[in-house]
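Worksheet: the structure to be examined is printed underneath.
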Amino acid sequence: MNIPDNIDNEKEIRIYRGNGISNNGKVFRIYLSENRKWNAELIQWFLPKKINEDEFQIISPIVTKLESKIPLEQVFLNLEALNIEYLPKEELFQYKKSTNKVVFDEDEKEYVIMSTEKSVLDGVDFLVKYQSDTRKNEFHYSNPQSYLNNYPGIDEYEGFVKILKYVEDNFNIKLN
């Protein structure tokens, strides 16, 4: 993708969309460059194409400069206002995807807590990297829209889906 793994810019947000079952993925970036100019871009990357058993063709990423309906600095601040800085890692709210109930275990002859969770195998995963001066956040969500459909009311997924919708609407792009 020709971008460093770590964020070097003073202010930057990256939303990586994984490839799922396809051969490509996307990265949305909005950042303040070294020359103090705001930029937004969508980078679409591709897995190498197999030509034969021993040969693969590298496909160059496609970088699209994005135009916004409002100034990019305002877009960045709006994403901060949507709490991108505070969204937690998915592991911290994993418990919200399970349903617990107390049942009597005949083998143990005692009451136990039985936990069930509907696994979601389809969908798209996202990795978000955020930096604004010294403030940083990074989190990964697997299939947020699918889990939100199965478990309505998980506010972390709701907040993230609002962020995705805001980016898609403002830049007229599709991330999900």
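If R0 is 25 Å, what FRET efficiency do you get for ASN83 and LYS37 from their C-beta distance, rounded to 0.05? Before the final figure, lay out each step's value.
On the way: r = 26 Å, r/R0 = 1.04.
With R0 = 25 Å, the Cβ-Cβ based efficiency is 0.45.
Starting from the Cα gyration tensor of segment 36-87, multiply each eigenvalue by 5, take the square root, and state the resulting semi-axes largest first in whole Å.
Numbers: eigenvalues 257, 42, 11 Å².
Result for segment 36-87: semi-axes of 36, 15, 7 Å.
Under a 1.4 Å probe, what is the accessible area of the chain per residue, stated in Å²? Provide the component values of the computation, followed by the final result.
Working: 10790 Å² over 176 residues.
So the chain comes to 61 Å² accessible per residue, rounded to a whole number.
Local charge sum around ALA81 (other residues, Cβ-Cβ under 13 Å, Lys/Arg +1, Asp/Glu -1)? Don't jump to the answer; show the numbers that get you there.
On the way: positive: LYS162; negative: GLU73, GLU80, GLU85.
Neighbourhood net charge equals -2.
Measure nothing fancy, just the Cα-based angle from helix 72-81's long axis to the longest principal axis of the chain, in degrees from 0 to 90, nearest 10.
Helix 72-81 sits roughly 20 degrees off the main axis of the chain.
Before anything else, pin down the relative contact order of the chain: Cα pairs under 8 Å, at least 6 apart, normalised by residue count, whole percent. Could you put the intermediate results ahead of the total?
On the way: 289 pairs, mean separation 38.9, N = 176.
Relative contact order here is 22 percent.
Computed from these coordinates, which is Cα extents along the principal axes in Å: (i) 45, 36, 30; (ii) 69, 49, 28; (iii) 45, 43, 29?
Identified label for the calculated read-out: (ii).
So what is the relative contact order for segment 96-176, in percent, with contacts set as C-alpha pairs under 8 Å and at least six apart? All intermediate terms of the calculation are to be shown ahead of the outcome.
On the way: 87 pairs, mean separation 15.9, N = 81.
The value is 20 percent.
Just check segment 72-176 against the gyration tensor rule for me: Cα atoms, a ≥ b ≥ c as the square roots of the eigenvalues, rounded for a/c under 1.5, and otherwise prolate or oblate depending on whether a/b exceeds b/c. Before the final figure, lay out the partial values.
Values: a/c = 3.49, a/b = 2.32, b/c = 1.51.
Prolate shape, in that a/c is at least 1.5 and a/b is the bigger ratio.
Express in nm, to one decimal, how much length is gained between GLU106 and LYS118 on full extension, taking 0.36 nm for each residue of separation and deducting their alpha carbon distance. All intermediate terms of the calculation are to be shown ahead of the outcome.
On the way: separation 12, 0.36 × 12 = 4.32 nm, distance 2.48 nm.
Once the chain is fully extended between GLU106 and LYS118, it gains 1.8 nm.
The values are calculated or read from the model by the stated rules, or taken from the named source; none is laboratory data. Given the structure is predicted, the values throughout are model-derived calculations rather than measurements. Glycine gets a Cβ as well: all are built from the backbone with ideal geometry, and neighbour counts include every protein chain shown. These accessible areas exclude ligands, DNA and RNA; they are computed on the full protein's heavy atoms, side chains included. Shrake-Rupley method; radii C 1.70, N 1.55, O 1.52, S 1.80 Å.
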